Structures are given as C-alpha cells and as structure tokens.
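See structure below.
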Amino acid sequence: MAEGDEFLRKVVHHALLAPLTDPAAIRYRQDVLRDCLAQEELVREIYAIAVEAIEAEKKAYWGIYSKYPRVILSRSVEVIGLFVKALTRLRRIADADGPRFSSDGFRAFFAMLQGGLGDEYLAEVQQHLRALRLGDGTLISARLGSGAKGRDYRLRKPNPPEGSWFQRLFAGRATAYTFQLAPRDESGARALAELEGRGIAQAANALAQSGDHILGFFVQLRAELAFHLGCLNLHRRLASLGEPLCMPEPTAATERCLRFSGLYDVCLALTAGQRVVGNDADADGRMLIVVTGANRGGKSTFLRSLGLAQLMMQAGMTVPAESFCANVCSSVCTHYKREEDVALRSGKLDEELARMSRIVDHLAPDALVLFNESFAATNEREGSEIARRIVEALGERRIKVAFVTHLHTLARGLYDRSRPDALFLRAERRSDGMRTFRVTVGEPLQTTFADDLYRRIFEGQDAPQTSPG
C-alpha cells in the first residue's frame, strides 16, 4: 500500500490496526473511497498540494534568528503567502470538480473550502500580507507608563496619504519631531530594534499562530488522504493481477453474520504475483468455524484471508473477494503456533497458555479470535481438552472463534455435539486435479503430516502443495 513511502506506511499501519466498530462510520469511509477510486487523479493532486505546502513550510525555517519578532513576522508572512497559494489551488478544484464527488466526506470538504475561502477573503488576506511586509516602514504606537517607560506597544496600519497625488506633490514637508542615528551608533541601533520588536511582537505571534493553524489543516489533510492513497495503490496492484475486489457489507456487532465468495489471501496474491484460488462460505449465525484437512492444504492461508478481510472491512477498505459480508468485531486476535523456545525458559505448551492468557486480558464480547494449530505441543487428548474448554468459554462470552487444527479428537468431538452455531470446513484438492486446495463444508478430516508422508512414499501420491490459493 505504501509503495516505499514511509509516511504512507505509518498511516495505513495505524489505520488497519485501529479498526472502526460502527457500521455507519465504515460506510462513510467506504463512500469516500468510492470517490477516490472514481477520481483518482484529482485525489492525488489534492494530496500533492498538501505535501507541497508542508514541505514549503519546512524550507522557510530561519534557524537561530527565529526568536526575534521581526524574523518571526517575516517568516510568518512568507509561510502564509505560500499557504494561501495552496488554498487557492484547492478552492479552484472545489469549484471546478467538486460536483464530480458524491460522498458526504468530500462534499463537506469542498463546501468548507468554498464557504471559507471566497475571492474577497483571499484578496483581503493578500492585502494584509503586503502591509505586514513593512515595506514602507514600521508605524508603532505606545503609552507612557510609570517611570517614564513605554508600555502597550502596538503595530499600526500605515496612515493613508492625504489629498490627491497632485496636492501631495506640491505640499510642504510635514512638521514632525524626528531623530537620526549616527552611522556607527550600534547601541542606538540595538535600542531602536528593541523598540520595533516590542511593537511588532503581538502581531508576529498572532501571525505565527495563524500559520500553525493552517499548517495543521494541511497536515490533517495529508494524513487522511494518505490512507486512501494506500488503498488506491493496493487496488491498482491487485487489479493488475486480475484479482477481484469488492466493497464489503458491514453489519452490527450483535449480529452473527459472515458470508463471502471468492475470498483469497491478499498477501499470498501479492507475493505470488498472480491470481490465487478463493473460497466461498456461508457462516451466518455461526460462533465457531473449525477447519481441518491436509498439511500445506491452504488452511492457514484461509484463516489469514479471513482475518485480513475483517481488518480491511473495518478500516473502510475494499476486501479481496467477490463479495463479503460480516458483523464488526470489537477486536481481532490471533493465536498462532510459534517455534520452540531455544533458550528453554519454558515449554512450548506453557508458552501457548501464557500467550492465551494475555489475549484473554484484552478480549471483550463480539471479538474474533483466530487459532492456527494451537495447543498441539502436548498429546492429542490433552491438547484437545484444553482447546475445547477454551473454545466453549469464549463462546459463552459471545466471542467468535475460527480454529484451524490437526487435533482430530477436538474437531470430531465438537462435530459430534451437533452445535447449530458451528461450521466445519476442510481443505480438499480441487476437482480439476490442480495441485491446489479449496476449503469446503464437511465433517472433520483426520489428516496429519505422517499421513501425507505415508501416501507420498507408499502410495505414490504427490505431497500436498500450498497453492496460490
């Protein structure tokens, strides 16, 4: 999604791991994404404007001199001038191309630009910026305070010229009290600069705050569009592989909805660089999904595709499937088998149970937990009993579970209970004879790695291969 852009990577990483839990919010983001897909060039142009404005502000840094009011004022005038040009470009896009967008998000964005950045307002801002460059000198007012010291220094607008240009041409020199510094009077120059600084400090600070406010707008715009640009990058890459993508249908967390067709593992497709086999299933009303089958038959791939699709849906993205509908989850947690602890600080089963305990600490009702060959570090009977008790306890707390396992005792025991809220899937070779597998509905298969190896050696069958699919 990032295509090498570190900023995009951070944004999409955060968005994917902070899923939305309100279906209405997800649909709002989906509508914005639809506009992005339909108007990709314009969206990329808006993003480029935001990036250019942020980079221009960084280049206007004046180093150690930035603490002086005159420098603060000059820098702020320069920065806001650059920002006004960027805002003007955005307003022109809103005027010319705004009607091409239909989502509430983009319509509100363009309405804000058109309502707050009219031609008269922009012209007035430019006029103020020209005056704040102080090209005609600095007009400052002050009051006399106690001890004959000045106070209440204020920067004033230049006095408008009196009379016509012809009258000013022949008018006499105005009477005023003036003084001039000697060319080498360094102390006087410092004192005068200090007086000027007091006069323009308030205006400089106000202008600097205005610049920071506009910068914050561009930073926010860049961050929000960055996620959608990542979605566009992913969509373009998968489309080049001929892979289907759909806009998923989210439902309320209290519903038990899960059905899909052509669901595939997006990571596998990107790694393989070609189309991969998808899976179909209807698990509406189910709290438990158990997947069994041959080693390297696509079970873990299916589990990963399910978890990624859930995250992508709740991030407001398109999903790698022909169709996908699911209820939102309060969280998505995984319990995957890991390699043996080489430091021998604990046994493998101890590590699995400790990790399960940490997961439980973060679970809430309506969560989704994905188990991949968990609790197989001990004998089958003990591992099956541990897994069964955990699955039942999670079900009592309204937590949906998808469990890939080789523990036949576990799978068969759950199947024989005839639970109406359980769906049993198994990985089987495709009927066309290809060395790929699909997940289909059926009772648990008793298949282990030893079985696969036996068939390969003694029956002359090929060992199952991970498909693209």
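For the chain, the solvent-accessible area works out to 55 Å² per residue, with a probe of 1.4 Å and every protein chain left in place. Residues whose amide H lies under 5 Å from that of LEU425, counting only those 5 or more places away or on a different chain, are VAL290, VAL291, THR292, GLY442; hydrogens are built 1.01 Å from N in the peptide plane. All other residues whose Cβ lies under 14 angstrom from that of ALA269 are scored, Lys and Arg at +1 and Asp and Glu at -1, for a net of +1. In this rough spin-label picture, where each label sits 7 Å from Cα along the Cβ direction, the GLU380-LEU139 distance is 9.5 nm.
The label point for ALA191 and the one for GLN220, both projected 7 Å from the Cα toward the Cβ, are 4.8 nm apart. For ILE54, the shell of other residues with beta-carbons less than 13 Å away shows a net charge of -1, using +1 for Lys and Arg and -1 for Asp and Glu. Using the rule -39500 (n - 2.57) for each DSSP H run of four or more residues, divided by the residues of the chain, the 222 nm mean residue ellipticity is -17000 deg cm²/dmol. Radius of gyration (Cα atoms) of region 1-133, expressed as a multiple of 2.2 N^0.38 Å: 1.30. Nonpolar atom fraction for the chain, defined as the carbon and sulfur part of the 1.4 Å probe accessible area, stands at 52 percent.
Looking only at Cα atoms, what is the convex hull volume of region 210-334 per residue, in Å³?
On the way: hull volume 16.9 nm³, N = 125.
Output value, Cα hull per residue: 135 Å³.
Labels on offer are (i) 55, 23, 20; (ii) 35, 29, 22; (iii) 68, 25, 19, and the one holding semi-axes √(5λ) of the Cα gyration tensor in Å computed from this structure is (iii). In this view, the solvent-accessible surface of ARG338, computed with a 1.4 Å probe and all protein chains in place, comes to about 130 Å². Straightening the chain between ALA148 and GLU3 buys 45.6 nm, computed as 0.36 nm per residue apart minus the Cα-Cα spacing. Within region 290-329, name every residue whose backbone N is under 16 Å away from a label modeled 7 Å from Cα of LEU363 along the Cβ vector. Those under the cut-off are 290, 329. Potential lengthening of the chain between ASP282 and ARG89 amounts to 64.6 nm, from the contour at 0.36 nm per residue minus the alpha-carbon distance.
Using the Cβ-Cβ distance between HIS128 and LYS348 with R0 = 51 Å, the FRET efficiency computed as 1/(1 + (r/R0)^6) comes to roughly 0.15.
Overall, the chain carries a charge dipole of about 1500 debye about its Cα centre when +1 sits on the Cβ of Lys and Arg and -1 on the Cβ of Asp and Glu, all other atoms neutral.
Grab the chain and count how many Lys pairs have their alpha-carbon atoms under 27 Å apart, sequence gap of 8 or more, or different chains. Going through the chain pair by pair, I get 17. A protection proxy built from the mean count of other Cβ atoms within 10 Å ranks the segments 369-382, 123-136, 95-108, 292-305, most packed first, as 292-305, 369-382, 95-108, 123-136. For region 1-102, a crude dipole built from +1 on the beta carbon of Lys and Arg and -1 on the beta carbon of Asp and Glu, taken about the Cα centre, is about 480 debye to the nearest 20.
Could you give the angle, 0 to 90 degrees to the nearest 10, between helix 186-240's Cα long axis and the longest principal axis of the Cα atoms of the chain? Orientation of helix 186-240: about 30 degrees from the principal axis.
The values are calculated or read from the model by the stated rules, or taken from the named source; none is laboratory data. Because the structure is predicted, anything quoted here is derived from the model rather than measured. Every residue, glycine as well, gets a Cβ built from its backbone with ideal geometry; the counts of neighbours run over all protein chains shown. Note: accessible area is taken over every heavy atom of the protein model, side chains too, but ligands, DNA and RNA are not part of it. Shrake-Rupley method; radii C 1.70, N 1.55, O 1.52, S 1.80 Å.
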